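K.L.:
Okay, handing you the structure first.
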């Protein structure tokens, strides 16, 4: 029986409901809070200039992004590393055959943080390029590489690039369903976060309203955290589906 994207999302939802009380504190502490802090305390990334964008305009924008990165990039990078730690801990908790405790999952995630970070970055770079060019190619690449982190959680000896190759193999035949599920999740995230980003820009450019800005940034971080968790759970489900068939 072939499983479609709606079936995958249904299994993801059941998995979330079963373990929400255990995984949400990890996501809240290590994915949401660092992201919220980075959004609240750092300057926003310079937005793309409006069209038409000639060479001079784009060069000025790149210079602005470079200056932003020098002052703020390290904090966003730190938030990403801490978030990777949290996501890895959740993956270990869900996939370790001996069913680790939360504390043991956090400890194992810390020991293997470099490997999980390398795998996450190796997935993020091609996916980001695909999303930047056209959204769908990026989501397709993400679908094909989505099993890498779950596979590393299940197999401690698996190296990052071997995990990417395994993910590409395991998602063959499931790529359309996974891409469809990711499209649904991406659209839901975009619909939720777009008005919040506009509100954030308006609050930063107008009269100072720190409480309203903090609320908006908290919601942006919450949407991003929910998306990160949903993508991980989708990868866990995909791994289990393919592993159960001996792929």
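K.L.:
Got the relative contact order for the stretch 131-233 handy, in percent, Cα pairs under 8 Å and 6 or more residues apart?
P.N.:
25
K.L.:
Next question. As an exercise, find the ratio Rg/Rh for the stretch 41-122 from alpha-carbon atoms, using the Kirkwood inverse-distance average for Rh.
P.N.:
Ratio value, two decimals: 1.22.
K.L.:
Ok, one more. From the Cα gyration tensor of the stretch 1-97, with a ≥ b ≥ c the square roots of its eigenvalues, which class applies: rounded if a/c is under 1.5, or else prolate if a/b is larger than b/c, or else oblate?
P.N.:
In terms of gyration-tensor shape, oblate.
K.L.:
Would you please put 152-158, 206-212, 195-201, 40-46 in order of how densely packed they are, using the mean number of other Cβ atoms within 10 angstrom per residue and starting with the highest? Working shown, then result.
P.N.:
Working: 152-158: 18.1, 206-212: 9.3, 195-201: 14.9, 40-46: 13.3.
Those peptides, ordered most packed to least, come out 152-158, 195-201, 40-46, 206-212.
K.L.:
Within the stretch 78-93, what residues put their amide N at less than 15 Å from the label point 7 Å along the Cα-to-Cβ vector of residue 42?
P.N.:
Residues 78-84 qualify, since their backbone N sits under 15 Å from the label point.
K.L.:
Also: Against the globular-protein guess of 2.2 N^0.38 Å, express the Cα radius of gyration of the stretch 87-176 as a ratio, rounded to two decimals.
P.N.:
1.12
K.L.:
I'd like the FRET efficiency for residue 77 and residue 2, computed as 1/(1 + (r/R0)^6) with the beta carbon distance as r and R0 of 35 Å, rounded to 0.05.
P.N.:
Efficiency, rounded to the nearest 0.05: 0.30.
K.L.:
Can you order the peptides 16-29, 174-187 by their average number of other Cβ atoms within 10 Å per residue, highest first?
P.N.:
Ranking the peptides 16-29, 174-187 by packing returns 174-187, 16-29.
K.L.:
In percent, how large is the relative contact order of the chain, given Cα pairs closer than 8 Å and 6 or more residues apart?
P.N.:
Details: 267 pairs, mean separation 64.5, N = 247.
Reported relative contact order: 26 percent.
K.L.:
Can you compute the radius of gyration and Dmax for the stretch 128-235, using only the Cα atoms, both in Å?
P.N.:
17.2, 54
K.L.:
Next up: Taking every alpha carbon pair in the chain, what does the distance histogram look like in 5 angstrom bins from 0, in percent?
P.N.:
Spelled out bin by bin, the chain gives 1, 6, 12, 16, 19, 17, 12, 8, 5, 3, 1, 0 percent.
Each value in this text was obtained by applying a stated rule to the coordinates, not by laboratory testing. Because the structure is predicted, anything quoted here is derived from the model rather than measured. Ideal geometry is used to build each Cβ from the backbone, glycine not excepted, and the neighbour counts take in all protein chains shown.
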